[in-house]
Structures are given as structure tokens and as C-alpha cells.
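Undergrad: One structure, as C-alpha cells, below. Some questions next.
The values are calculated or read from the model by the stated rules, or taken from the named source; none is laboratory data. Small disclaimer: the values here were computed from a predicted structure and weren't measured. Here the Cβ positions follow ideal geometry from the backbone for every residue, glycine too, while neighbour counts run over all protein chains shown.
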């Protein structure tokens with residue numbers, strides 16, 4: 001990969017450190033309507049897009065790969081689709097710890113870059129990798145040992161898919177550590193605004209994954225037909241390829257982040273504490289989210305194999321819409337963190353607001369595709385009439401939430417870039433752990449609305465969460481947080 005030298009974003013180069021008013025004096029309306037001196041909207045949009053577009057390409061291609069996975073598995077039947085779906089929440093639950101650490105690492109690296117402390121940014125990289133290795137090793141062992149128990153707990157009446165799901169999850173656990181370490185390297189690269197590198201190695205890994213699917217699911221080029229197990233094996237082979245490339249990037253030393261092995265991996269209490277101070281609320285948020293989603297998924301699984309297969313297809317397609325929000329959230333996190341590191345809260349808010357506007361345009365385009373072409377998209381997974389009809393109805397519902405969902409992702413990314421992770425944890429508790437599963441149980445078990453009732457609950461959760469995130473952002477308290 002070509003040499004990369006990350007500089008401060010263009011607009012931040014145009015302002016002086018600490019020359020703005022205090023955070024308390026910078027009102028949301030004033031910053032939104034009057035840009036910081038010497039900065040134009042063009043400068044801000046350019047920085048937003050420069051960081052977001054590689055992430056958008058990377059995340060979209062990653063999700064498309066996941067969609068291709070499920071399409072290929074879909075050729076094996078509804079039971080195979082359900083088997084893959086049953087492993088999703090256990091795997092996400094096991095990812096919670098290192099994902100939370102990544103939130104802390106991204107915010108700290110962004111702050112240190114904004115402050116011109118490259119040495120500290122690289123120190124955070126080493127500490128984050130150490131913590132991720134420990135967390136993922138524990139998670140992979142527990143996940144492998146208790147794979148069948150977790151799948152059975154999730155099945156809730158869908159017993160036919162349990163054997164395949166157990167095999168799929170065990171194989172995922174074998175490749176869990178490289179996957180986790182890659183995610184940490186990617187998180188720190190995003191913190192300094194280097195999203196292009198992660199895009200490149202993840203694109204290559206996705207290609208390896210798809211090729212592995214073709215070879216291993218149905219058996220081609222002399223390889224055995226492994227079906228669901230083949231899909232899982234192809235995934236961890238792709239993840240392994242990504243890890244080798246990501247590690248090579250930070251070992252070479254031709255970018256802002258340089259992993260020098262001779263510096264060692266001895267824990268540094270100050271850094272570990274800083275990562276945990278930001279990461280622990282994020283971990284609580286993720287645990288609350290997983291707990292709520294587990295209850296929700298069990299409720300949906302009780303509707304039977306066809307309904308659960310439809311649900312998994314719809315979730316897989318909806319996840320594609322998450323990618324645009326997450327890509328622009330990467331911009332918001334990096335730019336807000338770097339701005340606050342430079343002691344420019346006015347720039348942080350200007351970046352967040354401009355990122356939100358660009359994300360809205362992309363969200364509207366995604367909404368149009370879901371609303372008008374939902375049936376055709378669902379048909380790529382399954383040609384069963386019942387699945388196609390219900391899936392299309394769900395995607396129309398999802399289309400209506402896109403503008404709100406995009407705003408939620410981006411502003412939550414801004415809050416995390418500022419280190420305001422406690423607020424997002426509280427919001428998740430209210431929406432995902434309480435509102436969504438409660439509504440799902442009422443709609444499905446008491447009102448008899450079936451799968452559509454579950455999705456009405458999910459959409460209600462998204463709308464409420466979007467409102468609460470906007471209200472928290474508008475307080476401006478995130479600009480005064482010290483990390």
C-alpha cells in the first residue's frame with residue numbers, strides 16, 4: 001500500500017488553536033449559522049467527505065459481502081438462513097468488550113492527533129491492541145465452549161437450525177482473535193482520519209471471503225461441499241487476510257500510527273484507565289443493546305422458520321443502510337475528536353452539523369431504493385412468495401426511518417468523538433433494552449401482529465433513539481468533557 005502521511009483536516013489547518021470562545025459561550029445556533037473565522041462550508045464538506053468516502057466504500061462492500069454470504073447460504077434453504085441468523089447475536093455479544101475498547105482508542109487517538117501528540121497516539125495503539133488481545137482470547141474460548149448453549153438459547157422454537165448454527169459459531173470463534181485485532185487497528189486509523197488504508201485491506205479481505213464462499217459452500221474446484229460450515233470458514237479466512245494486511249500497515253511505519261514491537265506491550269496504567277473511562281460506558285451500552293436485541297430476536301424466532309428467515313433477510317438488507325450512517329459517523333468521531341484536541345469546540349460542532357447534512361442526502365437515496373425496489377432486493381435471497389411479500393413490506397417501513405437513523409448514527413459518532421459515551425449508554429438502555437423488546441412482546445404475543453409487529457417495535461426504537469440523541473447533542477455539554 002502507498003505511503004500515507006496524515007495531516008490535520010484542511011479546515012483545522014485554517015484556524016488557530018484555542019482562539020475561539022469558551023465552550024460555554026459557543027451556542028448551537030451561533031456555530032451552525034456563523035462558521036468559525038476563515039473557514040467556509042466548502043472546507044468543512046471537503047474534510048467530511050475525505051474521511052467518510054473510504055469508510056463508506058469499505059463498510060458498504062463489507063455489508064454487501066455479508067449479503068452475498070446470506071444469498072449463497074439462502075440457496076441451501078430457509079433452515080440454513082435461520083442457522084446463520086441464530087449466531088449473529090451471540091457473536092455480537094462476544095464482540096462487546098473489544099468494540100468498547102475501540103471506542104476509547106478512537107477518541108483518544110483523535111484527541112492526541114489534534115493536540116500534535118503523535119507519541120501518545122502510538123502509545124494508545126499499543127495499549128489498545130494489548131487489551132483487545134486479552135479480551136478477544138477470553139471471548140473466543142468461552143464462545144467455542146458454549147456455542148451450542150448460546151445457539152439453543154437463541155433458537156426459541158427453531159430447533160431445526162441448531163446443528164448448523166453451532167458449527168458456524170464454533171468456526172467463527174477459531175478466527176475471533178485476528179478479527180478483533182484488525183478491528184482495533186482500523187479503529188485507531190480512523191481516529192487519525194486514515195480511512196483509505198482500512199478500505200483497501202478490507203476490500204481485499206471481502207474478495208477473499210466471496211471467493212471462499214463460492215469454493216466451500218457448494219464445493220467447486222475440487223473442494224468439498226461444506227454448506228453452512230463452508231460459509232463460516234470462508235469468513236474467517238477473509239478476516240485472517242485482513243489482519244495480516246492491517247498489521248503490515250502499522251508495522252511499516254510510513255503512516256502516522258507506527259507499531260514498534262521493541263517498545264513492548266507492558267500495560268501503562270494511565271492509558272488503560274483513559275481507554276476504559278471512555279470504553280466502559282460504551283461497553284455498558286453494547287451489553288444493554290445486546291440484551292435487548294436477544295429478547296427481541298427470541299420473540300421473532302418463536303414465529304417459526306419462515307418468519308425468522310424473512311426477519312434475517314430484512315435485517316441483513318437493513319444493515320446496508322447502517323453503512324452510510326456509520327461511515328459519516330466515522331467522520332464525525334474523527335473530526336470532532338481532533339477539533340477538541342486542538343481546543344476548538346466551535347469547529348467540532350461545525351463539523352458535526354455539516355456531516356449530518358451530507359449523511360441526510362445519502363440516507364434519502366437509500367430510502368428510495370428500499371421503498372420502490374424492496375421486493376426485488378428480497379428476491380435476491382429467496383424466491384419464496386411469502387418471504388418476498390413480507391420482506392418488501394418491512395423494507396417500506398425501514399425506508400421511512402432512514403433520515404432519522406442517519407442523524408442518530410452521525411450525532412452519536414460526534415458524541416463518542418468527544419468522549420460522551422455515558423449519554424449514549426443511557427439512551428440505549430431506554431430504547432433497546434426497554435422500548436424495543438417490550439413493544440415486540442406486546443405486538444407479537446398479545447396483539448398477534450406477527451413479524452410486522454416486531455418490526456414496528458424496531459422502527460419505534462429507532463425513532464425514539466434518534467430523538468434522544470439529538471436532544472443530548474443540542475445541549476452542547478459534550479464540548480466540555482475532558483478525557
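Undergrad: Which one of 362, 369, 297 is under 23 Å from residue 97 (Cα atoms) and in a helix (DSSP H, G or I)?
TA: Unique residue meeting the criteria: 297.
Undergrad: Return the residue satisfying two criteria in turn: it lies in region 249-261 and is part of a helix (DSSP H, G or I) and over 19 Å from residue 62 (Cβ atoms), and of such residues it is farthest from the chain's Cα centre (by Cα). Walk me through how you get there before you give the answer.
TA: The initial filter retains those residues of region 249-261 that are part of a helix (DSSP H, G or I), namely 249-252, 261.
If we keep only those that are over 19 Å from residue 62 (Cβ atoms) as well, we get 250-252, 261.
Numbers: 250: 22, 251: 25, 252: 27, 261: 29 Å.
Only one residue fits best here, namely 261.
Undergrad: Please identify the pairs in which a residue from region 258-275 that is on the phi > 0 side of the Ramachandran plot has its Cβ atom under 9 Å from the Cβ atom of a residue that is modelled with pLDDT of 90 or more and part of a helix (DSSP H, G or I), counting only partners at least 6 apart or on another chain.
TA: Once the first residue is on the phi > 0 side of the Ramachandran plot and sits in region 258-275, its partners that are modelled with pLDDT of 90 or more and part of a helix (DSSP H, G or I) give 264/126.
Undergrad: State yes or no: is residue 104 farther than 29 Å from residue 228 by Cβ and touching a helix residue (DSSP H, G or I) at 6+ places or on another chain (Cβ under 9 Å)?
TA: Against the criterion (farther than 29 Å from residue 228 by Cβ and touching a helix residue (DSSP H, G or I) at 6+ places or on another chain (Cβ under 9 Å)), residue 104 qualifies.
Undergrad: What about residue 322, is it touching a residue at least 40 places away in the same chain (Cβ under 8 Å) and buried (at least 23 other Cβ atoms within 10 Å of the Cβ)? Before you say what the answer is, go through the steps one by one.
TA: Values: touching a residue at least 40 places away in the same chain (Cβ under 8 Å): yes; buried (at least 23 other Cβ atoms within 10 Å of the Cβ): no.
Here the answer is no, as residue 322 does not meet what is asked.
Undergrad: Does region 179-199 contain any residue that is free of Cβ contacts under 8 Å to residues at least 40 places away in the same chain and farther than 19 Å from residue 135 by Cβ?
TA: Checking region 179-199: not a single residue is free of Cβ contacts under 8 Å to residues at least 40 places away in the same chain and farther than 19 Å from residue 135 by Cβ.
Undergrad: Right, something else. For region 382-483, which fully contained helices (runs of 4 or more DSSP H) count at least 3 residues that are without any contact (Cβ under 8 Å) to a residue 24 or more places away in the chain, surrounded by fewer than 23 Cβ atoms within 10 Å (Cβ to Cβ) and out of contact with any strand residue (DSSP E or B) (no Cβ under 8 Å at 6 or more places or on another chain)?
TA: 385-417, 450-475
Undergrad: Still on this structure: If residue 273 satisfies every condition in (1) touching a helix residue (DSSP H, G or I) at 6+ places or on another chain (Cβ under 9 Å); (2) surrounded by fewer than 18 Cβ atoms within 10 Å (Cβ to Cβ); (3) under 14 Å from residue 102 (Cα atoms) but one, which is the exception?
TA: It is condition (1) that residue 273 fails.
Undergrad: Among the numbered conditions (1) outside any helix (DSSP H, G or I); (2) modelled with pLDDT under 85, tell me where residue 228 comes up short.
TA: (1)
Undergrad: Suppose we filter 246, 241, 207 for residues that are in a helix (DSSP H, G or I) and within 19 Å of the chain's Cα centre (by Cα); which single one remains?
TA: None of the other options fit; the residue is 246.
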